[in-house]
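The values are calculated or read from the model by the stated rules, or taken from the named source; none is laboratory data. Remember, it's a predicted structure, so these values are computed and weren't measured experimentally. We place every Cβ from the backbone using ideal geometry, glycine too, and count neighbours over all the protein chains shown.
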Amino acid sequence: MSSRRSRSSRQSGGSRITDEQIADLVSKLQLLIPESHTRRSNKVSASKVLQETCNYIRSLHREVEDLSDRLSVLLESTESDSDQAAIIRSLLM
């Protein structure tokens, strides 16, 4: 275990996470990321998995923003008291 991790676990009241647990969590995380999941090799560094995870979350965030913008434009072109407008407003909330 690295000295940094040892130091931080002592400072956090003794709750320790083992290297095996970290490897297990990284493997589970890798399965959630489409780019990592389709890769044939299981040997990927934890930092690479975390980097891919951050990139994937950023892309999801951009997609949500884009969809929200598109819904806003659609709402502006819809009669404000229509059923369609109510559905769009509920999606934006």
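Hey, could you check segment 47-72 for residues that are closer than 29 Å to Met93 by Cα and basic (Lys, Arg) and say which is modelled with the lowest pLDDT?
Across segment 47-72, the extreme among qualifying residues is Arg70.
For segment 18-46, which residues satisfy the criterion of being of a type in the set (Val, Ile, Thr), at pLDDT below 90 and either farther than 23 Å from Leu60 by Cβ or in contact with a helix residue (DSSP H, G or I) (Cβ under 9 Å, 6 or more places away or on another chain) (or both)?
Once the filter is applied, which keeps residues that are of a type in the set (Val, Ile, Thr), at pLDDT below 90 and either farther than 23 Å from Leu60 by Cβ or in contact with a helix residue (DSSP H, G or I) (Cβ under 9 Å, 6 or more places away or on another chain) (or both), segment 18-46 yields only Val44.
Each row is one residue, and each column tells you yes or no for (1) among the β-branched types (Val, Ile, Thr); (2) at positive phi; (3) loosely packed, with under 11 Cβ neighbours inside 10 Å.
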| residue | (1), (2), (3) |
| --- | --- |
| Asn55 | no, no, no |
| Arg58 | no, no, yes |
| Val64 | yes, no, yes |
| Ser68 | no, no, no |
| Leu71 | no, no, no |
| Ser77 | no, no, yes |
| Ser80 | no, no, yes |
| Ala85 | no, no, no |
| Leu91 | no, no, no |
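For (1) closer than 30 Å to Lys28 by Cα; (2) within 24 Å of the chain's Cα centre (by Cα); (3) of a type in the set (S, T, N, Q), each residue gets a yes or a no:
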| site | (1), (2), (3) |
| --- | --- |
| Val49 | yes, yes, no |
| Tyr56 | yes, yes, no |
| His61 | yes, yes, no |
| Glu65 | yes, yes, no |
| Val73 | no, no, no |
| Ser77 | no, no, yes |
| Asp81 | no, no, no |
| Gln84 | no, no, yes |
| Met93 | no, yes, no |
